[in-house]
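Trainee: Below is the structure I would like to discuss, written out as structure tokens.
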């Protein structure tokens, strides 16, 4: 753990402090920063997210040296974890408040949760169902969700875990060194801590 250099990226999302607090319980080698020098030295990136996709996408491009971040993740293979809206930004586009472009690091769309008679937004604890065996999340582990939109990857192999909420909803996605959780690990107690610990071992 001594060689870790975790950078939590901050575009103004409301859950940065709680993500920082969770990571700090695992390693002291963590900072909140958008500075290019820190991004160039990071061993792991975490992008928290709360709010709308379009606003988050706009702010990311305003406050982050995105081309540097993208090079480090896509070309240099630095592990990246997106949380909630931070996960949704990994995808090609979102229909929330009109069509908005995402990072396109994982092909797919972000669409509204179907009207199935269940309350929207989807808020609360739900069981995770693994679609692929992975070391990050145990089957039937409970995680905490708050969202009205869901990711729809083009390639099913990117879906590691789902949650049932009137339909199958992507809960955990991955592509190489890029990961995303629709749930909030920083609010998911021991399950969330385990997931972040496993991510930092990647």
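A short reminder: the numbers here are calculations on the coordinates, not readings from a lab. If you're wondering where the values come from, they're calculated on a predicted model, not measured in any experiment.
Trainee: Comparing 97, 136, 145, which has the greatest mean-square fluctuation in the GNM of the chain with Cα pairs linked when under 10 Å apart?
Mentor: Of 97, 136, 145, the Gaussian network model singles out 97 as fluctuating most.
Trainee: Rounded to the nearest 5, what % of the DSSP beta bridges within the chain are antiparallel ones?
Mentor: If we restrict to bridges inside the chain, about 60 percent are antiparallel.
Trainee: May I pose another question? Which shape class, rounded, prolate or oblate, goes with the range 86-147 when its Cα gyration tensor gives a ≥ b ≥ c as root eigenvalues, a/c under 1.5 marks rounded, and past that a/b bigger than b/c marks prolate?
Mentor: oblate
Trainee: How big is Rg to Rh over the range 6-201, alpha-carbon atoms, Rh as the Kirkwood inverse-mean-distance radius?
Mentor: Looking at the range 6-201, the ratio lands at 0.93.
Trainee: Let me ask something else. Mind telling me which of 74, 47, 90 comes out most flexible in a GNM of the chain, alpha-carbon contacts under 10 Å?
Mentor: Answer for the Gaussian network model of the chain: 74.
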